[in-house]
Amino acid sequence: MADTSITLRLTLADPVPGVRYSLQKDDMPFEPATATDRPLSFDVAVRLSDDGRFLGPFVRREGPRRRFVYIRIGQSAGDHASPWSRRAKIDIHDIQAELLTLARAGRMLEITLPGRGADGSPTCATVRSATGWRAV
């Protein structure tokens, strides 16, 4: 069996308006977008191997198991005038097996994430969802 291409949708529920965000592809910003007062979504194409590993130019790794995707923020997303230079790390290695089965069958998996930290600035570091992943 070959790798399966799946799509992950990362949605920031409340990004900071006027701030530029992008995915990180390899080590560069990819398709930056400037936030408004509406949720901001990024669709990420990844490959899922037969043994459940996530692969592709958007997938980062840490150790033998942890896999994640970065959302770049401010200067990291190419806005050199921004006061922020951050990345948000979204874990994908812990997506439930049942959801991965649905993704292999063609369903998109989505997670909604907070876009702001407690101080109102763009969220960064490892960002967790209150609701988790779901098939759409």
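The values are calculated or read from the model by the stated rules, or taken from the named source; none is laboratory data. What you see is a predicted model; the values in this text were computed from it and never measured. Cβ atoms come from the backbone with ideal geometry, glycine included; neighbour counts cover every protein chain shown.
Some notes on this structure:
- Where ARG38 falls short, out of the listed (1) out of contact with any strand residue (DSSP E or B) (no Cβ under 6 Å at 6 or more places or on another chain); (2) among the basic types (Lys, Arg); (3) within 21 Å of THR7 (Cα to Cα): (3)
- Members of the stretch 1-39 found to be small (Gly, Ala, Ser) and more than 20 Å from ASP119 (Cα to Cα), listed by number: ALA2, SER5, SER22, ALA33
- Criterion applied to PHE42, PHE68 was being in a strand (DSSP E or B), of a type in the set (Phe, Trp, Tyr), under 16 Å from the mean Cα position of the chain (by Cα) and within 15 Å of PRO114 (Cα to Cα), and the one residue passing it is PHE42.
- Against the list (1) in contact (Cβ under 8 Å) with a residue 24 or more places away in the chain; (2) over 18 Å from ARG61 (Cα atoms); (3) surrounded by fewer than 17 Cβ atoms within 10 Å (Cβ to Cβ), the condition ALA45 fails is (2).
- ALA88 in contact (Cβ under 8 Å) with a residue 12 or more places away in the chain, buried (at least 19 other Cβ atoms within 10 Å of the Cβ), closer than 27 Å to GLY52 by Cα and not β-branched (Val, Ile, Thr): yes
- Among the candidates ALA105, ALA118, residue that is more than 20 Å from ASP14 (Cβ to Cβ) and loosely packed, with under 11 Cβ neighbours inside 10 Å: ALA105
- Residue in the stretch 19-33 that is surrounded by fewer than 19 Cβ atoms within 10 Å (Cβ to Cβ) and either under 16 Å from THR126 (Cα atoms) or among the polar types (S, T, N, Q) (or both) present: no
- Of all residues in the stretch 55-85, those being free of Cβ contacts under 8 Å to residues at least 24 places away in the same chain and either aromatic (Phe, Trp, Tyr) or exposed (fewer than 15 other Cβ atoms within 10 Å of the Cβ) (or both) number 8.
- Residue within the stretch 66-83 that is of a type in the set (Ser, Thr, Tyr) and within 17 Å of ALA125 (Cβ to Cβ) present: yes
- Against the numbered list (1) touching an Asp or Glu at 6+ places or on another chain (Cβ under 9 Å); (2) modelled with pLDDT under 95, ARG66 comes up short only at (2).
- Scanning the stretch 79-98 for residues that are part of a strand (DSSP E or B) and acidic (Asp, Glu) yields one hit, ASP91.
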